[in-house]
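A quick write-up on the structure given underneath.
The values are calculated or read from the model by the stated rules, or taken from the named source; none is laboratory data. Given the structure is predicted, the values throughout are model-derived calculations rather than measurements. Glycine also receives a Cβ, built like all others from the backbone with ideal geometry; neighbour counts cover every protein chain displayed.
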Amino acid sequence: METHLDMCPDCRVMSIAPIAISGAALENLPPLPVTDLVHDYARATIESGKQQKPVPTKPANPNTILRASLVEYVGGDIDAVK
């Protein structure tokens, strides 16, 4: 899907529109108070020092004509396309 959206501007616009609309709707909602349970969980997580490890990404190859998502899908550059 990601590769298709990279290559298809019409579908990319269609996929972005609902995100923009929902984001605008969320911005107009009144804020909710943070419950003690949520506050305690957040504090415990911060104090524990546990951090999520970032997902490693493959560096982009400047010598390829394909986009990174398509290179990953195909398993290589244009020569890997069968």
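Based on what the data block shows, is Thr45 farther than 23 Å from Val71 by Cα, free of Cβ contacts under 8 Å to residues at least 24 places away in the same chain and surrounded by 10 or more Cβ atoms within 10 Å (Cβ to Cβ)? Can you show your working first?
Details: farther than 23 Å from Val71 by Cα: yes; free of Cβ contacts under 8 Å to residues at least 24 places away in the same chain: yes; surrounded by 10 or more Cβ atoms within 10 Å (Cβ to Cβ): yes.
So Thr45 fits the description; yes.
Residue-by-condition table, conditions (1) part of a helix (DSSP H, G or I); (2) modelled with pLDDT of 85 or more; (3) at positive phi:
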| position | (1), (2), (3) |
| --- | --- |
| Leu5 | yes, no, no |
| Asp10 | yes, yes, no |
| Asp40 | yes, yes, no |
| Arg43 | yes, yes, no |
| Gln52 | no, no, no |
| Gly76 | no, no, yes |
| Asp79 | yes, no, no |
